[in-house]
Amino acid sequence: MGDNKVIVQSQTGTKTPSRNRLYEVAAEQGGYFTMKQATECGYSHALVAHHAKRGLFIRIRQGLYRFSEYPPSDHEDVLAAWLAAGRDVAVVSHESALDVLGLTDIIPNVIHVTVPRAKRSIEPRPGVKIHTTEKAITKDEIVVRNGITNTSPTRTILDIAESGVDPEQVERAVTQAINRGLATARQLKEKAGERGKRVDMLITDAIKKVKR
């Protein structure tokens with residue numbers, strides 16, 4: 001512990017690292033944390049590297065780590081993109097949310113994240129597509145999977161339908177969501193009406209095929 005304090009004081013002043021605080025942050029994110037979050041909990045870059053060398057932290061990529069006692073996630077790239085966009089303002093959405101929710105068998109070629117229109121200046125990392133929304137995403141439109149904040153199944157399906165995704169993918173997602181109890185036909189139909197005639201017709205046709 002003495003070595004740790006020397007390292008921290010040399011780079012972050014007198015702030016003492018708090019493992020409990022960092023663990024609480026990581027626990028809400030499937031065991032993952034960013035270097036920025038570690039710094040806010042009193043950890044210097046050198047101390048994080050020291051713990052990674054000892055095997056207490058697992059370095060996933062630059063700026064992203066995981067507590068070694070947590071199992072790895074199948075969506076580390078998605079989680080990293082979400083954290084980079086800002087966990088307090090961003091949500092994983094569109095095809096990426098479909099993937100996290102298990103409503104598609106197609107792996108997106110980019111990671112989709114939605115942020116408020118006021119945050120549209122966020123610079124996306126390579127391989128990340130930032131969507132913006134003027135209307136705040138409500139609590140009932142959000143779910144957490146593997147520590148990642150995603151749009152809900154209903155919201156996700158409507159987003160991909162509106163964005164022009166292949167109708168067959170929309171139909172597959174609707175079928176999966178209804179059969180698995182993740183959304184109801186009524187919920188989808190009611191919300192689809194708010195997205196315009198094209199989305200309403202697309203969702204209505206998909207629901208009809210589920211009921212056959």
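Quick look at the values:
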| read-out | value |
| --- | --- |
| Net +/- balance of residues flanking residue 40 in space, Cβ distance below 10 Å, scoring K and R +1, D and E -1 | +3 |
| Nearest 10 degrees, 0 to 90: helix 76-85 Cα axis against the chain principal axis | 80 |
| Whole-Hz couplings from phi, Karplus 6.51/-1.76/1.60, listed for the stretch 20-31; x for Gly and Pro | 4, 5, 5, 5, 5, 5, 5, 4, 7, 10, x, x |
| Label point distance in nm, residue 69-residue 21, each placed 7 Å from Cα along Cα→Cβ | 2.0 |
| Beta bridges per DSSP with both ends in the chain, % antiparallel, nearest 5 | 65 |
| The chain, dipole about Cα centre (Lys/Arg Cβ +1, Asp/Glu Cβ -1), debye to the nearest 20 | 240 |
| The stretch 55-64 - phi-based ³J(HN,Hα) in whole Hz, Karplus 6.51/-1.76/1.60, Gly and Pro as x | x, 6, 10, 10, 7, 8, 7, 4, x, 10 |
| Loop-resident sites, the stretch 118-181, for trypsin sites (Lys or Arg not before Pro), counting at most 15 other Cβ within 10 Å (DSSP) | 120, 135, 180 |
| Kirkwood Rh, Cα atoms: Rg over Rh of the stretch 76-211 | 0.95 |
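A short reminder: the numbers here are calculations on the coordinates, not readings from a lab. These figures come from a predicted structure and were not determined experimentally. Note: ideal-geometry Cβ built from the backbone for every residue, glycine included; neighbour counts use all protein chains shown.
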